[in-house]
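First comes the structure, then the notes that go with it.
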Amino acid sequence: MALLKYMPQKFNFDFIGKRMIAFLVTAVIMVGSVAALAVNGLNFGIDFRGGLLLEVRTEGPANLAQMRQSLGGLGLGEVALQGIGTNGDEVMIRVQRQEGGEEAQLAALQQVRQALGDDVQIRRTEVVGPKVGAELVRDGTLAIALSILAIAAYVWFRFEWQFGVGALVATFHDVIATFGFFALTGMEFNLTTVAAILTIAGYSINDTVVSYDRVRENLRKYKSMPLLDLLNLSANETLSRTLLTGVTTLLAVVALFFFGGDVLRGFSAAMIFGVVIGTFSSIYVAMPILVYFNLRHSDSGEGEEEEESEKAKSEERAAG
Amino acid sequence: MIYFSKWKIALILAVCLAGFVFAAPNLLSRQQADQLPDWYQPVNLGLDLQGGSHLLLEVDVQAVLQEQLNSLVEAVRNDMRQNRIRYADLGVVGTSVQLRLLDQAQFEEARNSLRRLDSDVEVQVRDNGLAVLTYTEQAQTVRRNAVVNQSIEIVRRRIDELGTREPTIQRQGEDRILVQLPGVSEPERVKELLGRTAVLSFHLVDHSTSVEEALRGRVPPGSMLLPSIEQDMSGQPAHYVVRRRVELSGDLLVDSQPAFQDNRPVVSFRFNTQGARRFGDLTQQNVNRQLAIVLDNQVISAPSIREPILGGSGVITGRFSVQEANDLALLLRAGALPAPLVVLEERTVGPDLGADSIRAGQIATVLGLVLVLAFMLVAYGTLGVFANIALLVNLALLLGALSLLGATLTLPGIAGIVLTLGMAVDANVLIFERIREEMRNGRSLINAVDAGFKRAIVTILDSNLTTLVAAILLFQFGSGPVRGFAVTLAIGLVTSMFTAVWVTRLLMSTWLRYSKPKSLPV
């Protein structure tokens with residue numbers, strides 16, 4: 001046990017020196033994400049688009065073709081069917097939002113229920129009218145935007161403004177990349193996706209703050225070290241922690257992905273992607289960006305004394 | 001920092017114990033848990049886990065305000081007529097009633113008279129004679145609140161009549177009502193009952209003209225043409241011409257029950273004293289005339305009054321099925337909605353899908369837990385054992401806190417728990433890595449542990465608080481199940497900070513004291 005013994009004691013990767021490569025990768029991710037968003041758009045679920053969703057179970061294997069025919073004949077516009085689950089008897093039915101107000105959605109639900117007949121067991125129905133859909137879009141957008149800003153503000157408050165900017169850029173990067181991931185894969189974008197994005201933002205900032213915390217500490221400790229080396233040192237010092245936490249979080253969300261059921265699959269897929277992209281961004285985006293800020297300039301000399309007196313105090317206590 | 005005072009140890013242990021105690025009911029079956037007192041219950045399951053129906057309704061307050069404006073128009077008309085004030089173009093414009101006064105000499109008189117109409121109405125008379133009447137903001141708010149609160153009351157009564165188990169009915173925002181019905185997997189009947197305002201009124205049938213004449217658009221003033229629920233011979237809905245005047249209305253009813261008359265389902269009703277007197281007078285004065293019973297602007301039936309009805313009770317006959325008679329009686333008992341309700345959103349989960357979700361959530365949680373535990377043990381050895389104990393305590397605290405706070409656990413909430421399991425060890429990893437680093441820098445073990453904890457705490461606080469910010473925003477802007485996720489995530493962050501910092505530290509200090517290791521096992 002304790003396999004960490006065999007991990008190298010000190011890493012010495014030149015993260016910051018290779019920052020141009022990192023920036024290039026970042027640029028590709030960003031451009032790719034925006035392009036995917038522009039070309040594919042997001043596959044909005046009914047939470048945002050409005051419409052109907054039914055999850056049904058048939059007796060014996062589901063006959064998708066027949067179902068598609070009977071539901072398609074209702075004149076409800078686009079009806080999408082998708083076999084889910086492992087037994088081949090579960091089907092997810094999505095019906096586009098109906099013209100007309102909220103009542104039209106309910107009337108359509110009634111029609112679908114009738115067309116399905118009594119042999120089909122309806123396990124879940126969701127009906128979202130246009131009004132609520134629009135509100136959920138607004139709330140979701142607001143939540144994502146505010147959380148990015150709030151996170152940046154917190155980091156600014158606790159550190160210096162440069163760190164706040166770095167955190168803002170890194171979080172923004174992760175959110176855009178996750179959007180791009182959803183545009184590229186065509187996975188359904190719904191309310192739980194918004195939750196996933198906020199969690200990814202939270203997770204990534206967690207990583208970033210840990211690295212920044214170390215940068216702040218090292219800035220006080222090594223007064224004369226060149227910034228580039230100092231950032232590299234900080235990234236390497238926190239690397240083992242970044243990776244270990246990434247692995248444990250990944251283990252948990254992978255378990256969720258495979259065993260958490262269909263409803264959570266999109267969420268856990270997003271989280272898996274998010275943990276990876278969040279880890280990447282805190283090393284390769286949040287750190288190198290600090291190179292371009294004059295960090296020393298705004299740093300006062302108080303830190304040194306504090307550090308020393310703290311050290312003395314703790315030694316005293318440990319000895320006593 | 002690694003030495004604890006006795007009371008601190010006691011406090012930490014007490015918190016952990018409380019976590020296990022309050023988490024314990026979650027291991028019981030539903031039946032066993034029902035035996036426990038209210039404050040000692042397992043966590044509430046959201047509708048997506050226990051199955052049930054979630055309906056978001058909107059009270060159409062606008063309709064009521066519009067109606068209010070319409071009656072204001074009538075009041076203005078009467079008032080102007082009485083005072084012989086000349087006017088033109090009287091009508092509703094947007095949210096106000098407007099009219100144009102024609103005689104400048106009457107402006108002042110009109111203004112004064114209009115002001116006396118209703119103290120909630122603001123009257124403006126402009127120089128060109130345009131008079132604008134608007135309800136004050138305050139009056140509209142009072143009205144809106146009254147309408148929404150009354151709607152909630154009626155919705156509650158109707159749903160209670162259905163005998164639904166533990167429904168939740170609460171106001172949401174300005175004019176919305178959230179209805180949650182655990183265990184209801186087919187909310188069709190509920191929606192049907194809530195979709196009717198059920199305004200009942202009694203009108204005299206106007207015999208001065210024929211229905212055919214009225215259908216051609218010639219309805220006598222003071223009367224109106226209403227469709228019937230019955231059909232005429234050609235299969236079209238029949239119509240009646242009835243007086244506009246409401247002789248009696250459903251709000252005077254005290255009871256209504258389904259019954260049978262001549263083997264056909266009917267609905268019996270009983271008026272209160274005031275209603276009984278008026279019903280008596282009405283039937284006495286109008287023997288042999290037809291009395292139309294109107295529900296939501298549809299004539300249910302229009303029986304002839306054969307004799308005065310003095311007891312204050314009667315029956316409504318019509319072409320009812322048993323179910324329809326039941327529903328009508330229920331609606332009349334529960335009372336009329338002051339405004340129509342619109343279903344904005346419906347989410348229903350069948351009970352067996354909920355059970356499947358719980359099972360999937362349990363498997364994912366256990367598996368995630370086992371994977372993380374195994375990883376920590378393999379990576380850190382002895383230290384990993386400490387982290388793992390802290391993680392288990394964390395899970396107990398999280399479940400205990402959710403149960404104690406009466407929070408609702410949803411499927412995304414379970415995702416939050418699993419995620420917390422993965423992220424919670426972060427705090428321990430931070431501490432351990434720091435200790436290893438301090439040892440590499442040449443500190444003694446005790447010294448390194450001490451410094452490790454102290455240094456890591458700042459980082460832990462900063463990094464967790466930022467995630468907490470995201471969780472709080474998610475709670476603020478999220479809805480339904482997603483809120484459940486935000487709750488578990490936020491509580492999980494707090495409990496993991498506690499366990500990583502205090503529980504692990506207590507474990508390590510005990511270990512240092514009793515086994516006196518010389519070096520770190522990692």
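The values are calculated or read from the model by the stated rules, or taken from the named source; none is laboratory data. Everything numeric in this text was worked out from a predicted model, so none of it was measured. Don't worry about glycine lacking a Cβ; one is built from the backbone with ideal geometry, like all the others, and counts go over all protein chains shown. The area values use the complete protein model at the heavy-atom level, side chains included, leaving out ligands, DNA and RNA. Shrake-Rupley method; radii C 1.70, N 1.55, O 1.52, S 1.80 Å.
Being within 38 Å of the chain's Cα centre (by Cα) and facing chain A (nearest Cβ under 8 Å) is true of residue B:471.
Within segment A:89-112, take every residue that is buried (at least 18 other Cβ atoms within 10 Å of the Cβ) and not aliphatic (A, V, I, L, M) and give me the one that is nearest to the other protein chains (Cβ to nearest Cβ). Per the stated criteria, the residue is A:102.
Selection of segment B:235-263 for residues being touching a helix residue (DSSP H, G or I) at 6+ places or on another chain (Cβ under 7 Å), open to solvent by less than 40 Å² (accessible area, probe 1.4 Å) and assigned to a strand (DSSP E or B) yields B:241, B:248, B:253, B:256. Remark: pairs (first residue in segment B:377-391, closer than 14 Å to residue B:506 by Cβ; second residue surrounded by fewer than 17 Cβ atoms within 10 Å (Cβ to Cβ) and modelled with pLDDT of 90 or more; Cβ separation under 6 Å; 6+ apart in sequence or on different chains) are absent.
Scanning segment B:495-517 for residues that are without any contact (Cβ under 8 Å) to a residue 12 or more places away in the chain and within 14 Å of another protein chain (Cβ to nearest Cβ) returns a single hit, B:513.
Residues of segment B:346-383 that are open to solvent by less than 10 Å² (accessible area, probe 1.4 Å) and under 24 Å from the mean Cα position of the chain (by Cα): B:346, B:348, B:350, B:354. Restricting attention to segment A:205-250 and to residues that are closer than 26 Å to residue A:296 by Cβ, hydroxyl-bearing (Ser, Thr, Tyr) and within 25 Å of the chain's Cα centre (by Cα), the residue that is farthest from the other protein chains (Cβ to nearest Cβ) turns out to be A:234. Mind checking whether some residue in segment B:192-208 is touching a strand residue (DSSP E or B) at 6+ places or on another chain (Cβ under 9 Å), part of a loop (DSSP other than H, G, I, E, B), of a type in the set (Asp, Glu) and more than 14 Å from chain A (Cβ to nearest Cβ)? Among the residues of segment B:192-208, at least one is touching a strand residue (DSSP E or B) at 6+ places or on another chain (Cβ under 9 Å), part of a loop (DSSP other than H, G, I, E, B), of a type in the set (Asp, Glu) and more than 14 Å from chain A (Cβ to nearest Cβ), which makes the answer yes. Screening residue B:218 against (1) closer than 21 Å to residue B:349 by Cα; (2) more than 14 Å from every other protein chain (Cβ to nearest Cβ); (3) of a type outside the set (A, V, I, L, M, F, W, C) leaves a single unmet condition, (1).
Please enumerate the residues belonging to segment A:255-285 that are open to solvent by less than 20 Å² (accessible area, probe 1.4 Å), out of contact with any Phe, Trp or Tyr (no Cβ under 6 Å at 6 or more places or on another chain), within 11 Å of chain B (Cβ to nearest Cβ) and outside any loop (DSSP other than H, G, I, E, B). Hits for segment A:255-285 are A:255, A:256, A:267, A:270, A:271, A:274, A:275, A:282.
For residue B:486, the test of being touching a residue at least 60 places away in the same chain (Cβ under 8 Å), facing chain A (nearest Cβ under 9 Å) and not hydroxyl-bearing (Ser, Thr, Tyr) is passed. For segment A:40-72, which residues satisfy the criterion of being without any contact (Cβ under 8 Å) to a residue 12 or more places away in the chain and either surrounded by fewer than 14 Cβ atoms within 10 Å (Cβ to Cβ) or not assigned by TED's automatic domain parsing to the domain that holds residue A:110 (or both)? Matches in segment A:40-72: A:63, A:65, A:66, A:69.
Residues checked against (1) within 27 Å of residue B:364 (Cβ to Cβ); (2) open to solvent by 10 Å² or more (accessible area, probe 1.4 Å):
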site: B:448; (1), (2): no, no
site: B:457; (1), (2): no, yes
site: B:461; (1), (2): no, yes
site: B:489; (1), (2): yes, no
site: B:507; (1), (2): no, yes
site: B:512; (1), (2): no, yes
site: B:517; (1), (2): no, yes
site: B:521; (1), (2): no, yes
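Answer with yes or no whether residue B:445 is assigned by TED's automatic domain parsing to the domain that holds residue B:497 and within 23 Å of residue B:513 (Cα to Cα).
Yes: the conditions hold for residue B:445.
Right, residue B:406: open to solvent by less than 50 Å² (accessible area, probe 1.4 Å) and on the phi > 0 side of the Ramachandran plot or not? Taking the combined requirement at face value, the residue satisfies it. Among the residues of segment B:145-178, the ones that are within 14 Å of chain A (Cβ to nearest Cβ), among the acidic types (Asp, Glu) and open to solvent by 60 Å² or more (accessible area, probe 1.4 Å) come to 1 in all. Counted as qualifying within segment B:28-144 are the helices (runs of 4 or more DSSP H) with 1 or more residues that are within 14 Å of chain A (Cβ to nearest Cβ) and surrounded by 13 or more Cβ atoms within 10 Å (Cβ to Cβ), namely B:47-50, B:61-82. Scanning segment A:136-173 for residues that are in contact with a Ser or Thr (Cβ under 9 Å, 6 or more places away or on another chain) and more than 24 Å from residue A:294 (Cα to Cα) gives A:136, A:139, A:140, A:147.
Can you find even one residue in segment B:449-456 that is touching a Cys at 6+ places or on another chain (Cβ under 8 Å), more than 7 Å from chain A (Cβ to nearest Cβ) and in contact (Cβ under 8 Å) with a residue 12 or more places away in the chain? No, every residue in segment B:449-456 fails to be touching a Cys at 6+ places or on another chain (Cβ under 8 Å), more than 7 Å from chain A (Cβ to nearest Cβ) and in contact (Cβ under 8 Å) with a residue 12 or more places away in the chain. Within segment B:425-448, the residues that satisfy the criterion of being within 17 Å of residue B:390 (Cα to Cα) and more than 7 Å from chain A (Cβ to nearest Cβ) are B:427, B:428, B:431, B:432. Of the candidates B:69, B:47, the single residue that is touching a Ser or Thr at 6+ places or on another chain (Cβ under 9 Å) and not assigned by TED's automatic domain parsing to the domain that holds residue B:402 is B:69. Checking every residue in segment B:179-199 against the condition of being open to solvent by 60 Å² or more (accessible area, probe 1.4 Å), farther than 30 Å from residue B:326 by Cα and in the same structural domain as residue B:325 (by TED's automatic domain parsing) gives zero matches.
Considering only residues in segment A:132-143 that are open to solvent by less than 30 Å² (accessible area, probe 1.4 Å) and in contact with a helix residue (DSSP H, G or I) (Cβ under 6 Å, 6 or more places away or on another chain), the one that is farthest from the other protein chains (Cβ to nearest Cβ) turns out to be A:133. Of the helices (runs of 4 or more DSSP H) lying entirely inside segment A:1-92, those containing at least 3 residues that are within 27 Å of the chain's Cα centre (by Cα) are A:19-39, A:46-49.
Being closer than 24 Å to residue B:431 by Cα, within 13 Å of chain B (Cβ to nearest Cβ) and among the small types (Gly, Ala, Ser) is the requirement here; does residue A:129 meet it? For residue A:129, the condition - closer than 24 Å to residue B:431 by Cα, within 13 Å of chain B (Cβ to nearest Cβ) and among the small types (Gly, Ala, Ser) - is not met.
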